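Quick notes on the structure that follows.
Quick note: the coordinates plus some simple rules give every number you see, no bench work behind them. Remember, predicted model here, so these are calculated numbers, not experimental data. We place every Cβ from the backbone using ideal geometry, glycine too, and count neighbours over all the protein chains shown.
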Amino acid sequence: MLRIAHVGFGPLGQRIVTDLYARRLGELVALVDTSPQFAGRTLRDFVPQAHPHAPHAHAHADLPITADLDQALDTALLRAPIDAAIVTTSSDLARCAPTFRTLLKRGLPVVSTCEELIFPWLRHAALAQELDALAKAHGSRLLGTGVNPGAMMDTIPVFITAVCNKVHSVEVHRIQDATTRRLPFQKKIGATLSPAAFNQGITDGWLRHVGLGESLHFVAHYLGLPFERWQESIEPVLASTPTACGLGPIPAGHALGVRQIATGYRADQPVITMIFQAAIGQADPMDRVIIRGEPDLDVRFSGGVHGDIATSAMTLNAVGSLIPAPPGLHTSATVPLLRLHRSRT
């Protein structure tokens, strides 16, 4: 039974912790979130599976949610070693870095859903070098994962090329119906906003799918498909008729979601293209990877892979793959094969 420290207990964090107990993969021994809403609360208030009277419950149902990471770790370590940490706090690597430093100095394997950590050398090369050196110095490990980025638009496209002799170009589509996604995701893609408010969200930097550029560069790096320049575009998907979602009504002409495209060019020809579209009521959701090479491949996941389910699964499964990896900063291509990990009990 893995002893897990968890940092970040928003909707995604709660989903991951709930699945941790439901799958009987481990138990929390430290739970950290700085939001005032969690002051004085405990694990059992949010995760029924952790209740002492629930089937397969574990010993830490009364684990307090604390804002002090060092204190939580010290308390947990009084009982036994911590096997790994999970961080679900921010998409921005610089904002996550202080948490990572604290955990890495403790010698822990750390799995995070921080999107920029999927391929941190794109936007944070110096910080990536620092975290790698810190991990190696303390015998710890750090890995960014998730469904997208982390799986559907990077790891899986790279993995399926194992059956190819040559790859000339890659095109990846992730088309999602956001109706069943968690509300923070619907907000992040701009659902309900007017075109003016949507554009302002882009300008302010909070409205975008984070990680598309990281996926693009991940694929280029591991497939040896360099490009001379790359660009990324973003625009709203607009409602033609009034629609409703969890955030409220969406008038005609307002945003159902976002369409974002990242493309890497060589000699003005697209080498790698990433097409991401997530919208309320999106027709024909799917994930699709098109490889031009020897042989050509066209792999389609009809209906698409549900982002919340898959993000939680990838995060928990990644723990089992990261623990045996050598110390350092990792990607999904440098750890043992990411796969389903089952309970050890």
| message | Taking every DSSP beta bridge with both residues inside the chain, roughly what % is antiparallel (nearest 5)? | response | 55
| So how strong a dipole does the chain carry about its Cα centre when Lys and Arg Cβ are +1 and Asp and Glu Cβ are -1, to the nearest 20 debye? | 620
| field | Karplus 3J(HN,Hα) series, Hz, for the range 70-77 with 6.51 cos²θ - 1.76 cosθ + 1.60 (x for Gly, Pro) | value | 4, 5, 4, 5, 4, 5, 5, 6
| request: Per residue of the range 257-273, in order, report the coupling 6.51 cos²θ - 1.76 cosθ + 1.60 (Karplus, θ = phi - 60°) as ³J(HN,Hα) in whole Hz, putting x for Gly and Pro. | output: x, 10, 10, 9, 10, 10, 9, x, 10, 10, 6, 6, 10, x, 9, 9, 10
| query | At each listed q (0.07, 0.16 Å⁻¹), what is the log10 of I(q)/I(0) that the Debye formula gives for the chain modelled as equal alpha-carbon point scatterers? | reply | -0.30, -1.43
| Binned Cα-Cα distance frequencies in the range 87-158 - 10 Å width, integer % | 21, 54, 23, 1
| task | Please report the base-10 log of the normalised intensity I(q)/I(0) for the range 141-227, using a Debye sum with one equal scatterer per alpha carbon and no solvent, at each q in 0.13, 0.15, 0.16 (1/Å). | result | -0.56, -0.71, -0.78
| said: Which of rounded, prolate or oblate describes the range 223-345 when judged by the alpha-carbon gyration tensor and an a/c cut-off of 1.5? | reply: oblate
| task | Taking every pair of alpha-carbon atoms in the range 155-304, give the share separated by more than 24 Å as a whole percent. | result | 37
| task | For Gln269, put the label point 7 Å out on the Cα→Cβ axis and report which residues of the range 158-186 keep their amide N under 13 Å from it. | result | 167-170
| field | Relative contact order of the range 155-304, defined on C-alpha pairs under 8 angstrom at six or more residues apart (%) | value | 36
| query | For the residues Asp287, Asp132, what sequence is obtained by ranking on other C-beta atoms within 10 Å, fewest first? | reply | Asp132, Asp287
| Longest segment of the chain lacking trypsin sites (Lys or Arg not before Pro) that sit in a DSSP loop with at most 11 other Cβ atoms within 10 Å | 80-338
